[in-house]
Amino acid sequence: MSVITCRNCGADMVVSQPDRIHTIVDRKVLNWKDYVKFTIKCKKCAIPNKLYWSKPKE
Ligand SMILES: [Zn+2]
């Protein structure tokens, strides 16, 4: 699990990785070839936040 802050209100959101492979999370794609897009709704302000999960470089 990782913690991401809401882009709107700054509240912490605990996010679980979508599978065993994609373990790195960020709010933007960081030069990744393989990633999984995810949207999480903030519990505090209800704004949807986009997340991207990637895997560690070999
Ligand atoms: Zn929020």
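Throughout, read-outs are computed from the coordinates displayed, never taken from laboratory work. Bear in mind the structure is a predicted one, so any value in this text is a computation, not a measurement. Quick reminder, even Gly has a Cβ in these numbers, built from the backbone with ideal geometry, and neighbours come from all protein chains shown.
Towards the positive end of the charge dipole of the chain, with charges on Cβ (+1 Lys, Arg; -1 Asp, Glu), say which of CYS6, ALA46, VAL36 has the farthest Cα.
With unit charges placed on the Cβ atoms, the residue in question is ALA46.
With only Lys, Arg, Asp and Glu charged, each at its Cβ (+1 for the first two, -1 for the last two), find how big the charge dipole of the stretch 2-54 is about the Cα centre; round to the nearest 20 debye.
200
Which value results for Rg/Rh of the chain when Rg is the Cα radius of gyration and Rh the Kirkwood radius based on the inverse mean 1/r? Could the numbers behind the result be given before it?
Details: Rg = 11.4 Å, Rh = 11.7 Å.
Reported Rg/Rh, Kirkwood definition of Rh: 0.98.
With θ taken as phi - 60° and the coefficients 6.51, -1.76 and 1.60, list the Karplus ³J(HN,Hα) couplings across the stretch 23-35 in order, rounded to whole Hz; mark glycine and proline as x.
Karplus-based 3J(HN,Hα) across the stretch 23-35 equals 10, 9, 10, 8, 7, 9, 7, 9, 6, 9, 8, 10, 8 Hz.
Neighbour counts of other C-beta atoms within 10 Å: give me MET13, MET1 arranged from fewest to most. Provide the component values of the computation, followed by the final result.
Details: MET13 16, MET1 7.
In increasing order of surrounding Cβ atoms, one gets MET1, MET13.
When the chain is fully extended, how far beyond the present Cα-Cα distance does THR39 get from ILE21, taking 0.36 nm per residue of separation? Spell out each step's value before the answer.
On the way: separation 18, 0.36 × 18 = 6.48 nm, distance 1.82 nm.
Going from the current span to full extension adds 4.7 nm.
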